Amino acid sequence: MTDYPADSILVLLETTPNGELATSAAGLLGAASRIGTPVALAVIAPSQAQALAEQAAATGAERVLVFETNSTQAELTIPHVDALAAAAAVVVPHAVLISNSIDGRDIAGRFAARTSAPIAVDAIGVSRDDEGIVAHHSVYGGAYNVDSAATFGPLVVTVRQGAIDARAEARPVALESLEVPASGAASAAIESVEAVTETSSRPELRGATRVVSGGRGLGSAEKFALVEDLADALGAAVGASRAAVDAGYIPANHQVGQTGVSVSPQLYIALGISGAIQHRTGMQTAKNIVAVNKDPDAPIFEVADFGVVGDVFTVVPQLISALAERKR
Amino acid sequence: MKIIVLVKEVPDTYGERKLDLETGLADRAASEAVLDEISERALEVALAYADSHDDAEVVVMSMAAESAAATIRKGLAMGAASAVHITDPGLAAADLGLTARTLAVAIRRTGFDLVITGNLSTDGSGGVVPAMLAELLEVPNATALSSVEIAAGSVSGTRNADGATMRVSARLPAVISITEALPDARFPNFKGIMAAKKKPFETLSAADLGIEPHDLSVAVSIMTAIAEKPPRAAGVKITDEGDGGTRIAEFLIENRLA
């Protein structure tokens, strides 16, 4: 079998429904490059393999193992787990990094259970010390920092999207086809894909470097457009509190917080959001937080680097025009 | 049709949650313990099915501290037929692997056609246990379902995954996890609470399940460090005096954020 570096870190690449490299890959490969040699695994339709391997190499994969298959369109989880098990057997990595997405967690869970490997979930960073790979976590809504490690053997780590700033340097393309014996494990069947998640020109919430979120304070779905206007002025993704989602201002896939998406952007702007703990849990690892709320006692101000007590409908339009002014 | 619903006691997120900095374990005295809301919704899916299917039997199962018995009993009061509580001091610091292995043994022991869990607990937010269980139980996993239809030999639903919304189905037995898009749970009524006292409540130790919690030949994940993060210092808070928007713009520009 081919030789792999002794410090290999196996990275499972996520792909979009169109077969492109997902945004999460850059952070995973960046994290892997800091603790070892990134060896990527792609599970992809045969016609898309070459292009994906090129993207992965450009994003820092030293080697790209490719399992060419169409089975992921019909079966949940299992094709990826089978591929990961086959890849881990030949690469013998020190750690396996997987995106902490819905699909990523399923794959990581099954793979860890199948290989009896310890698993560390929702890591916001990884490092290496004398004894091996350490995963760093931010738990209880960011109130505690916790490190975890394997007693021995490889650690399976799911990495929070957008949490890793490190980026790996581009490498020459080294594509290798991977033989994957089918495990025969029973999988759920994908009967149909109802809708591909909206693709707008705005960045995706997960992994966004800037997020503008709106809450109940916006008052209506029509007025929620103000949040979108500021997001567009900043090139930011649009988020929302649960209250705004429940009130029907915006679809649930924009919900930030404990039961929605957790984000760790460079900038988080909270508009008309009171900042219940459930919301703060999903955003307080943001590097910079700006809040506008008319209630001076709103808990969001406890975590804001810059807070304005005032009416979003006067403050935000002024902010948007000030930003436009600067661009001119 | 035997449906096992995994439930979890969690610290109430409306209060302050603490970790013990000595042991790294949840400080149970620091906050009120409640049945996780997502567990209640998972139970509601099972109970709604049982309402219209006489052959359905709903079991609530939890691996939790001894003190969690009262919380698990709430599942009986809501309508589950029996409860299984796995509790053992040796399991107090169980990692995800040990948790999944222990639950899998208990689930096999109880017998099941369908296992229903929440997609993410409120405290650990791990979200990997359903898939781990499916692997260990050698059955399909269908996770993150925002709607669920249970039929005689299969389960299907809508899955809101990362890139797309899809319809999925699995033959039974299977493990599914549900999201908070599913309906709120029913409240236990007085009759349910009284009836719960007479329902079977099984308590199992690790030894009962043939689990050795401290088996050093099995690789586990251990906590190597824990620190309380200094509370995020509140920064500048100003009251808008007509220049609030401009001041934010200045803050963003100063910090190279715009």
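Restricting the calculation to Cα atoms, every distinct pair contributes to the Kirkwood radius of the range B:3-94, found to be 14.0 Å. Partner aspartates and glutamates whose Cα lies under 18 Å from the Cα of B:Lys197, excluding those fewer than 8 positions away in the same chain, are identified as B:Glu57, B:Glu66.
Within the protein assembly as shown, what percent of beta bridges assigned by DSSP are antiparallel, to the nearest 5? All intermediate terms of the calculation are to be shown ahead of the outcome.
Details: 43 of 117 bridges.
Antiparallel bridges make up about 35 percent of those DSSP assigns within the protein assembly as shown.
Taking every alpha-carbon pair under 8 Å whose residues sit at least 6 apart, the range B:1-132 reaches a relative contact order of 34 percent. Among B:Met61, B:Met132, B:Met166, the ranking by other beta carbons within 10 Å of each residue's beta carbon, starting with the fewest, stands as B:Met166, B:Met61, B:Met132.
With contacts defined as alpha carbon pairs under 8 Å and 6 or more residues apart, what's the relative contact order of chain B in percent? List each step's numbers first, then the result.
Values: 455 pairs, mean separation 57.4, N = 258.
Dividing the mean separation by the residue count of chain B yields 22 percent.
Rounded to the nearest 10 degrees, the angle from helix B:37-52 to the longest Cα principal axis of chain B is 40 degrees. Contact order for chain A, expressed relative to its length and based on alpha carbon pairs under 8 Å spaced 6+ residues apart, stands at 15 percent.
How crowded by other chains is A:15-22, given as the mean number of beta carbons from other chains within 10 Å of each beta carbon? Don't skip to the answer; put the middle values down first.
Details: counts 1, 3, 4, 1, 0, 0, 0, 2.
Taking all residues of A:15-22 together, the mean is 1.
Magnitude of the charge dipole for the protein assembly as shown, about its Cα centre and with charges confined to Cβ atoms of Lys, Arg (+1) and Asp, Glu (-1), is about 480 debye.
Taking the highest mean first, how do the peptides B:218-228, B:70-80, B:243-253 order by number of other beta carbon atoms within 10 angstrom per residue?
Ranking, from highest mean packing down: B:70-80, B:243-253, B:218-228.
Projecting label points 7 angstrom from Cα along Cα→Cβ for B:Arg167 and B:Arg109 puts them 4.0 nm apart.
Here, the protein assembly as shown has an Rg and a Dmax of 23.8, 75 Å when only alpha carbons are counted. Shown in residue order for the range A:303-310 are the 3J(HN,Hα) couplings computed by the Karplus curve 6.51 cos²θ - 1.76 cosθ + 1.60 at θ = phi - 60°: 10, 7, 6, 9, x, 10, 7, x Hz (x for Gly and Pro). Each peptide in B:35-46, A:42-53 receives the mean, over its residues, of other Cβ atoms within 10 Å, and ordering these scores from highest gives B:35-46, A:42-53. Between B:Phe112 and any residue 5 or more places off or on another chain, the built amide H atoms are never under 5 Å apart.
For the range A:1-79, the alpha carbon convex hull comes to 97 Å³ per residue, rounded to a whole number. Whole-Hz Karplus values for the range A:229-244 come out as 4, 5, 4, 5, 5, 9, x, 9, 7, 9, x, 7, 7, 4, 4, 5 Hz, taken residue by residue from phi with 6.51 cos²θ - 1.76 cosθ + 1.60 and θ = phi - 60°; glycine and proline positions read x.
Relative to the longest principal axis of the Cα atoms of chain B, the long axis of helix B:96-110 makes an angle of roughly 30 degrees.
Proximity of backbone amide H atoms, modeled 1.01 Å from N, is registered between B:Ala144 and B:Ser177, B:Ile178 at under 5 Å, excluding neighbours fewer than 5 places apart on the same chain. Checking the Cα-Cα distances for B:Lys2/B:Lys198; B:Lys18/B:Lys229; B:Lys74/B:Lys199; B:Lys8/B:Lys74; A:Lys294/A:Lys327 against a 22 Å cut-off, the pairs over it are A:Lys294/A:Lys327. Descending by average beta-carbon neighbour count within 10 Å, the peptides A:18-27, A:93-102 line up as A:93-102, A:18-27, the highest first.
The radius of gyration of the Cα set in the range A:210-327, together with its Dmax, comes out at 12.6, 38 angstrom.
Axis of helix A:102-115 versus longest Cα principal axis of chain A: the two differ by about 30°, to the nearest ten degrees.
For chain A, list log₁₀ I(q)/I(0) at each q in 0.12, 0.13, 0.15 Å⁻¹, using the Debye formula over Cα point scatterers of equal strength and ignoring solvent, two decimals each. Rounded to two decimals, the profile gives -0.85, -0.97, -1.17. Put a plus charge on the Cβ of each Lys and Arg, a minus charge on the Cβ of each Asp and Glu, and nothing anywhere else: the dipole of chain B about its Cα centre is then about 520 debye.
For B:Lys237, a cut-off of 20 angstrom between C-alpha atoms picks up these aspartates and glutamates, skipping any fewer than 8 places away in its own chain: A:Asp295, A:Asp297, A:Glu302, A:Asp305, A:Asp311, B:Glu250, B:Glu254. Taking label points 7 Å from Cα along the Cα-to-Cβ direction, B:Leu216 and A:Ala45 give a separation of 5.3 nm.
By the count of neighbouring beta-carbon atoms within 10 Å, fewest first, A:Val211, A:Val146, A:Val290 end up ordered A:Val146, A:Val290, A:Val211. Where only DSSP H runs of four or more residues are counted, chain B gives -8000 deg cm²/dmol as its mean residue ellipticity at 222 nm, each run worth -39500 (n - 2.57). For chain A, what does -39500 (n - 2.57) per DSSP helix run (n ≥ 4), summed and divided by total residues, give at 222 nm, in deg cm²/dmol to the nearest 500? The per-residue figure over chain A is -8000 deg cm²/dmol.
How large is the direction-averaged shadow of the alpha-carbon convex hull of chain B, in nm²? If you can, show how the numbers build up before the last one.
Working: hull surface 76.0 nm².
Convex hull of Cα atoms, orientation-averaged projection: 19.0 nm².
Per-residue mean of foreign Cβ neighbours for A:295-306 is 4 (Cβ atoms of other chains, 10 Å radius).
Phi angles across the range A:248-265 convert, under the Karplus curve 6.51 cos²θ - 1.76 cosθ + 1.60 with θ = phi - 60°, into 3J(HN,Hα) values of x, 6, 7, x, 4, 5, 9, 5, 9, x, 3, 9, x, 8, 9, 10, 9, x Hz, Gly and Pro given as x.
With both labels modelled 7 Å from their Cα along Cα-to-Cβ, the A:Asn145 to A:Ser127 distance reads 0.7 nm. Backbone amide hydrogens, once placed in the peptide plane, bring B:Val5 within less than 5 Å of B:Val59, B:Val60, B:Met61, B:Ile116, excluding anything fewer than 5 places away on its chain.
Readers should treat all values here as calculations from the given coordinates under stated rules, not as data from a laboratory. Quantities reported herein were computed from a predicted structural model and do not represent experimental measurements. All Cβ positions, even for glycine, are placed from backbone atoms using ideal geometry, and neighbour counts span all protein chains on display.
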